[in-house]
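Every read-out reported here was derived from the displayed coordinates using simple, explicitly stated rules and does not represent laboratory data. What you see is a predicted model, and the numbers here were worked out from it, not measured in a lab. No Cβ is skipped: glycine too gets one built from the backbone with ideal geometry, and neighbour counts run over all protein chains shown.
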Amino acid sequence: MLRLPFLTSPFRWQLFLTGRSYISKLTPMEVHLKPETESRLNELASRSGLPTDDLMEDAMAGYLQEVAEVRHTLDGRYDDIKSGRLKPVDGEAFFESLRQREDELLKNRPPK
């Protein structure tokens, strides 16, 4: 089990052009890992020379940034569909046309 300090503010990953009007507070957090995950983390820490706390902080920071970016993209796509700027595609029809194109390519491929 690792105890990591994390900022409790929801504004951690945003860039501010003006000063903050709040104070971030660090609070410890327990992270429970499966034994094999903890073993891999310890192995990476040993090879890299970095503490496991730093590796976990970096991993979580990257993960949360990625989740925020995906959420932003999905929100934008939803807004595009809702406003009519983007037309939704029927998934079944798309994959059927993809299968047909693949079949055509395979049929027209010269023999080896």
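What are the residues in segment 60-90 that are exposed (fewer than 11 other Cβ atoms within 10 Å of the Cβ) and among the hydroxyl-bearing types (S, T, Y), if any? Across segment 60-90, the qualifying residues are Y63, T73, S83.
I'd like to check something: does segment 41-59 contain any residue that is under 22 Å from P28 (Cα atoms) and exposed (fewer than 12 other Cβ atoms within 10 Å of the Cβ)? Within segment 41-59, one or more residues are under 22 Å from P28 (Cα atoms) and exposed (fewer than 12 other Cβ atoms within 10 Å of the Cβ). Residues in segment 92-112 that are part of a helix (DSSP H, G or I) and among the basic types (K, R): R99, R101, K107. Would you check if A93 is more than 30 Å from S46 (Cα to Cα), surrounded by 12 or more Cβ atoms within 10 Å (Cβ to Cβ) and small (G, A, S)? Judged against the criteria, A93 is not a match.
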